[in-house]
Number of protein chains: 2
Amino acid sequence: MKRNLLLISNSTNAGEEYLGWPRQYIKSFLDETTAKRVLFIPYAGVNLSDKGLTASFDAYEARVKAVFAELGYDLYSIHREADAVQAVKDAEAIAVGGGNTFHLVYMMHKMKVMDAIRERVLEGLPYMGWSAGSNVACPTLRTTNDMPIIEPESFNCLNVIPFQINPHYLDANPEGHGGETREQRINEFLVVNPDIYVAGLREACLFRVQGNTIKHIGSRNLRMFRDGEETKEFNSSDDIQFLLN
Amino acid sequence: MKRNLLLISNSTNAGEEYLGWPRQYIKSFLDETTAKRVLFIPYAGVNLSDKGLTASFDAYEARVKAVFAELGYDLYSIHREADAVQAVKDAEAIAVGGGNTFHLVYMMHKMKVMDAIRERVLEGLPYMGWSAGSNVACPTLRTTNDMPIIEPESFNCLNVIPFQINPHYLDANPEGHGGETREQRINEFLVVNPDIYVAGLREACLFRVQGNTIKHIGSRNLRMFRDGEETKEFNSSDDIQFLLN
């Protein structure tokens, strides 16, 4: 399998500039490819403008384009392309931005690009995503934290990795809050999905997948969940190859 | 319309006993009816036991039954009934417990009780729910905070009130966390659902709906969201009748 993936937990750490911390990883990821231009998928970004969805996608593209330009890459958004499927077929690399995972998946099905992207990623097209864009690389959207603001045709996603990511993984609720913790939510997931790993990917962390190898990069631990197994923490030097089996 | 609803944000405040704070409201709600027995819907409770779903529903029933017995009411769970739809037809009152909203809605569609409950509630069957059980009274599940651990047949819910509740509404993220705040998530909802109110129902608060009147009860304010309108706070003495129009 030729997949070449950069799966980032979050675009921005609290108090830092937009796409600040992952910038160096995005640059070295792209520098190792032959890509000069990056096709951007803005569908998760629904409220970057108060003038509606198209204006929001425009604003999202401008925001990300500025960062990629600094890194030496041209970025253009799929929402301006006359034929979205053809744009995927012609892409040199793909970046999928965060926001609302349900809206992202809704649009990817609606625009018929889910299968087209999957096919190209399995052939080796460089793919990077953050937050919702990492979730959508998984078999389904079932471990998102997002609000289900719109009903997608299906929960099925790109399925270019065989495990689920929970991005923005965090350990505690705000003090005094009685809602379920993230760990409780993931344990609910395992009850009805016993045969799949869930990776709690903390902020400022990412996965780098090249073919059949996977690395976790970040100063925080990865937290791994699976039904019937003890929940475990892995640091970035630990072997996590089992995730791809 | 004869509806008679008690829609509770959360079962339990942090550090308090199970179903502690809403107990007095559940008792006076039931005392005003002729019901002696309450049909319980446990489908949101997926991990109260490590022995599987049925054991989890058993454990959930036992937990809630003990509280209702103290209040003088017998409670029995739908998962033990041979014919779930018939059980709804025969019910004197219904209580829908919290947990995972997606699993609740999945099961309600699967067991064909969504329409049966709606029909009886619109005829005046006393209905109470907390957390997921309040969400499911809304038109859809689109304002839940829960993880989409399973794909329901549809996002459609009971639709016995014309607005969306966001239960466990909270204002801030844990410090240093970069994920979206609840307000940001609800604002995303409004972009794609501009014609509906979302009520941020804070913990230790509830709605009491009787026919065409609605009251918000609780020491915290209600936070109301609608596309194109300023987000507003309402205290429990404010008129919120517009929510039912």
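Taking the Cα-to-Cβ direction at A:VAL85 and at A:ASP195 and moving 7 Å from each Cα, how far apart do the two end points lie in nm?
Once both label points are built, they end up 3.0 nm from each other.
Once amide H atoms are placed 1.01 Å from N in the peptide plane, what residues at a sequence separation of 5 or more from B:ARG202, or on another chain, have their amide H within under 5 Å of its amide H?
Here B:TYR169, B:ARG223 satisfy the definition.
Based on alpha-carbon centroids, what's the gap between the range B:1-54 and the range A:27-42 in Å, whole number please?
52
With a probe of 1.4 Å, find how much accessible area chain B has per residue, and write the answer as a whole number in Å². Numbers along the way, then the final one.
On the way: 9500 Å² over 245 residues.
Computed with neighbouring chains in place, this is 39 Å² per residue.
Name the residue farthest towards the positive end of the dipole of the range B:4-244 from the options B:PRO126, B:SER9, B:LEU19, assuming +1 on Cβ of Lys and Arg, -1 on Cβ of Asp and Glu, about the Cα centre.
Checking the options against the dipole of the range B:4-244, the answer is B:PRO126.
In the structure shown, do any of B:LYS2/B:LYS51; B:LYS2/B:LYS27; A:LYS65/B:LYS232 have a Cα-Cα gap over 30 Å, and if so which? Walk me through the numbers before you get to the answer.
Values: B:LYS2/B:LYS51 40 Å; B:LYS2/B:LYS27 20 Å; A:LYS65/B:LYS232 36 Å.
Result: B:LYS2/B:LYS51; A:LYS65/B:LYS232 exceed 30 Å.
Tell me: how much accessible area in total is hidden between B and A, 1.4 Å probe, Å², nearest 100?
Working: alone 11300 and 11310 Å², together 18990 Å².
For B against A, buried area totals roughly 3600 Å².
Springs between alpha-carbon atoms under 10 Å, Gaussian network over chain A: tell me which of A:LEU53, A:LEU30, A:LEU222 tops the mean-square fluctuations.
Looking only at A:LEU53, A:LEU30, A:LEU222, the largest GNM fluctuation is found for A:LEU53.
Pull out the extension gain between A:ALA59 and A:GLN184, defined as 0.36 nm times the separation in residues minus the alpha carbon to alpha carbon distance; nm, one decimal. Intermediate results must be reported in sequence, preceding the final value.
Numbers: separation 125, 0.36 × 125 = 45.00 nm, distance 3.57 nm.
In short, 41.4 nm is gained.
Over the range A:119-245, consider all pairs of different Cα atoms and compute the Kirkwood hydrodynamic radius from their mean reciprocal separation; express it in Å, one decimal. Could you put the intermediate results ahead of the total?
Values: mean 1/r = 0.0652 Å⁻¹.
That comes to 15.3 Å for the range A:119-245.
Measuring from centroid to centroid over Cα atoms, what is the spacing of the range A:59-110 and the range A:191-219 in Å?
23
So for the range B:183-245, what percent of the C-alpha to C-alpha distances run longer than 20 Å?
Numbers: 536 of 1953 pairs.
Every Cα pair in the range B:183-245 considered, those over 20 Å come to 27 percent.
Antiparallel as a % of all DSSP beta bridges within chain B, to the nearest 5? Kindly include the intermediate steps, with their values, before the conclusion.
On the way: 18 of 36 bridges.
Roughly 50 percent of the DSSP beta bridges within chain B come out antiparallel.
Can you tell which of B:LEU125, B:LEU48, B:LEU104 shows the greatest fluctuation in a Gaussian network model of chain B with Cα springs below 10 Å?
Highest fluctuation among the options: B:LEU48.
Across the residues of A:181-190, average count of Cβ atoms on other protein chains within 10 Å? Walk me through the intermediate numbers first.
Working: counts 0, 1, 0, 4, 6, 2, 4, 13, 9, 3.
Averaged over the peptide's residues, the number is 4.
If you roll a 1.4 angstrom probe over the protein chains with everything in place, what fraction of the accessible area of the protein assembly as shown belongs to carbon and sulfur, to the nearest %? Before the final figure, lay out each step's value.
On the way: 8330 of 18990 Å².
That share works out to 44 percent.
What lysines could a cross-link reach from A:LYS110, if we take a straight Cα to Cα line under 20 Å and drop same-chain neighbours fewer than 8 places away?
A:LYS89
How large are Rg and Dmax for chain B when only the alpha carbon atoms are used, in Å?
In order Rg, Dmax, the Cα atoms of chain B give 17.1, 51 Å.
Under a 10 Å cutoff between Cα atoms, tell me which one of A:ARG80, A:ARG226, A:ARG202 has the largest fluctuation in the Gaussian network model of chain A.
Result: A:ARG80 has the largest fluctuation of those listed.
When the distances between all Cα atoms of the protein assembly as shown are binned every 20 Å from zero, what whole-number percent does each bin get?
Pairs per bin, as whole percents: 24, 53, 21, 1.
For the range A:64-144, which GluC sites (Glu not before Pro) are both in a DSSP coil and crowded by at most 11 other Cβ atoms within 10 Å? Write down the numbers at each step before the final one.
On the way: sites: A:GLU70, A:GLU81, A:GLU92, A:GLU119, A:GLU123; in loops: A:GLU81, A:GLU92, A:GLU123.
Sites meeting the loop and neighbour criteria: A:GLU123.
Roughly how tilted is helix B:182-192, in degrees to the nearest 10 and between 0 and 90, from the longest Cα axis of chain B?
90
The values are calculated or read from the model by the stated rules, or taken from the named source; none is laboratory data. Every value quoted in this text rests on a predicted model; they were computed, and no experiment measured them. Note that each Cβ is placed from the backbone with ideal geometry, even for glycine, and that neighbours are counted across all protein chains shown. Each accessible area value is taken on the protein alone, full model and side chains, heavy atoms only, with ligands, DNA and RNA left out. Shrake-Rupley method; radii C 1.70, N 1.55, O 1.52, S 1.80 Å.
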